[in-house]
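Worksheet: the structure to be examined is printed underneath.
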Amino acid sequence: MIIGCVVYPIGFLLFGWSAQYKLFWLVPNIGIFFVSVGIIIISQGIKLYTLSAYGEFAASAQGAVNFTRAIGSGTFPLFAPYLLQQLGYGWTGTVLGGVAMVIGIPGPILWYYGPRLRKKAEGLQKEEGEH
């Protein structure tokens, strides 16, 4: 997930500024490729984390994660055209990359502190030998 948190904003920056300066069409596509790879890596990491953290309640946790992602996907088209119109491709890519970095900072923190946090979550994990 840490790799995805790095690749995702880099893709936004590459896409935004290469589209702003009207570089060869392959360069913005490479940026979007990095964004897509980052999305896949991050979403798979989140799915694995929620499955391991919530045990038998993993389906509810996955539903909450999917609902949150759907809210973001549904609201983004409401403001994206205005953002692009006001800032242009380059600065829009920079803003989205910055937001992705700020939101992505908890990923490495959860990776480091995850086992301790899961031990503190009483009732979520079954005890040894319990079915």
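The values are calculated or read from the model by the stated rules, or taken from the named source; none is laboratory data. Computed from a prediction, not measured in an experiment: that's the story for all the values here. Cβ: placed from backbone, ideal geometry, glycine included. Neighbour counts: every protein chain shown. These area figures cover heavy atoms from the full protein model, side chains too; ligands, DNA and RNA do not enter into them. Shrake-Rupley method; radii C 1.70, N 1.55, O 1.52, S 1.80 Å.
Give me the pairs, please: first residue somewhere in region 54-71 and without any contact (Cβ under 8 Å) to a residue 60 or more places away in the chain, second residue anywhere and open to solvent by 70 Å² or more (accessible area, probe 1.4 Å), beta-carbon distance under 6 Å, and either six or more positions apart or on two chains.
Filtered contacts from region 54-71: ALA58/LEU51; ALA61/TYR54.
Starting from residues that are in contact (Cβ under 8 Å) with a residue 40 or more places away in the chain and open to solvent by less than 40 Å² (accessible area, probe 1.4 Å), keep the ones in region 77-93 and report whichever is farthest from VAL6 (Cα to Cα).
First pass over region 77-93, keeping only residues in contact (Cβ under 8 Å) with a residue 40 or more places away in the chain: 88-93.
Filter once more, keeping what is open to solvent by less than 40 Å² (accessible area, probe 1.4 Å): 88, 90, 92-93.
Values: GLY88: 23, GLY90: 18, THR92: 18, GLY93: 14 Å.
Here the residue is GLY88.
Of the numbered conditions (1) closer than 20 Å to CYS5 by Cβ; (2) at pLDDT 90 or above, GLY74 fails exactly one; give the number of that condition.
(1)
Please go through region 100-116 and pick out each residue that is under 15 Å from LEU48 (Cα atoms) and either surrounded by 13 or more Cβ atoms within 10 Å (Cβ to Cβ) or of a type in the set (A, V, I, L, M) (or both).
GLY107, PRO108, LEU110, TRP111, GLY114
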